[in-house]
Amino acid sequence: MKNRDSLTTRYHPLKTRYSETPVLVIDTEADPYEILDAARQRIRAASDLLETLYCTCFKQAEASDIPNIVSALYLLTQDGNDLLDIARQRLPKHVASPTTTPCGSGLAREKR
């Protein structure tokens, strides 16, 4: 059986928890591309919800709906950001050679 320290470093708690005991965690040893997929799913859901709200007439909404919407958006985006942070730590680091822009004022991005 694994010791408690190895479990606490492997399983990263989400910041969106409402208690001191983490219930939802990220397995930091999972495939980073699967972690990215989970992040994308949450961020896409938040984006879709925002798009729906943008296209909806707010005259039909109740004032009590706003905290529910904000809570859902917070959970989705914060969990997505937590997942992105873990995936970024796990993905291989690429060393890019910096190049200057034609004006010499910064770095140019390479097209992938």
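Counting every other Cβ atom within 10 Å of each residue's Cβ, 12, 94 order from fewest to most as 94, 12. Cα-based values for the stretch 4-90, radius of gyration first and Dmax second, are 15.7, 52 Å. By other beta-carbon atoms within 10 Å, ranking 20, 51 with the fewest at the front produces 20, 51.
Extending 7 Å from Cα along the Cβ direction at residue 25 and again at residue 11 yields two label points whose distance is 0.3 nm. Between residue 57 and residue 94, the modelled label-to-label distance comes to 4.8 nm, taking each label 7 Å out from Cα in the direction of the beta carbon.
Each of 47, 19, 71 was scored by other Cβ atoms within 10 Å of its Cβ. Arranged with the fewest first, they read 19, 71, 47. You can think of it this way: the chain between residue 70 and residue 34 has 10.3 nm of extra reach, that is 0.36 nm per residue less the Cα-Cα gap.
Read the figures in this text as sums done on the coordinates, not as results from a lab. It should be emphasised that the depicted structure is a prediction, and the values quoted were computed from it without experimental measurement. We place every Cβ from the backbone using ideal geometry, glycine too, and count neighbours over all the protein chains shown.
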